[in-house]
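The values are calculated or read from the model by the stated rules, or taken from the named source; none is laboratory data. None of the values given here were measured: they were computed from a predicted structure. Neighbour counts are summed over all protein chains in view; Cβ atoms, including those assigned to glycine, are modelled from backbone coordinates with ideal geometry.
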Amino acid sequence: AMNEVVDIYSLEGFTVQWSECSANGDNPCPWLTGYLVCISPDRGTTKYDTVTLGYSMLTIGRGNHAVVMWPDVEEFAKRNIASESMILGSTIAHELGHMITRTRKHDLGVMKSVWTGKDIADMNQRRIRFSLDFVQEMRQQLTDIHTAAVKR
């Protein structure tokens, strides 16, 4: 799934760096830097016959934490004839989009609130994208974060 996230963001000119960590202390998570995505063994909520695969916690701390529900990713992949890795990667890319922009806004492609059969086909062919407007919004937010960090 890490490769899928890297591929999705590289299509838009972004570089993603991974750091694996654990909550049990063997390899502590970098809580104060970057973005943290936890893969949960719990199921999400079902609403209007759609499954929530993940969510971002934008109002907690720095708003840099997200959760992806693994059982729902598995089920969604089976129902849609897609690889678990591709669905997991696309879900992580989606939640990172929320965390980077600091909004719950949905958009086209990766950022749709409900993926269609065409979106799944695009994922399987490694063609799922963000809209140009959403890419610009992410770039601006990352520039603002970098500028603020340099000023400190």
Scanning for something surrounded by 14 or more Cβ atoms within 10 Å (Cβ to Cβ), among the charged types (D, E, K, R), at pLDDT below 85 and part of a loop (DSSP other than H, G, I, E, B), does region 3-20 turn up at least one residue?
no
So which helices (runs of 4 or more DSSP H) stay within region 61-152 end to end and still have 1 or more residues that are of a type in the set (A, V, I, L, M, F, W, C) and more than 15 Å from the chain's Cα centre (by Cα)?
70-79, 117-124, 132-151
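Would it be correct to say that Gly97 is small (Gly, Ala, Ser), out of contact with any Leu (no Cβ under 6 Å at 6 or more places or on another chain), modelled with pLDDT under 95 and over 20 Å from Arg43 (Cβ atoms)? Let's see the steps before the verdict.
Working: small (Gly, Ala, Ser): yes; out of contact with any Leu (no Cβ under 6 Å at 6 or more places or on another chain): yes; modelled with pLDDT under 95: no; over 20 Å from Arg43 (Cβ atoms): yes.
When the stated conditions are applied, Gly97 does not pass them.
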Is it the case, given these coordinates, that Met138 is modelled with pLDDT under 95 and hydrophobic (A, V, I, L, M, F, W, C)?
no
For region 37-78, how many residues meet the condition of being basic (Lys, Arg) and at pLDDT 90 or above?
1
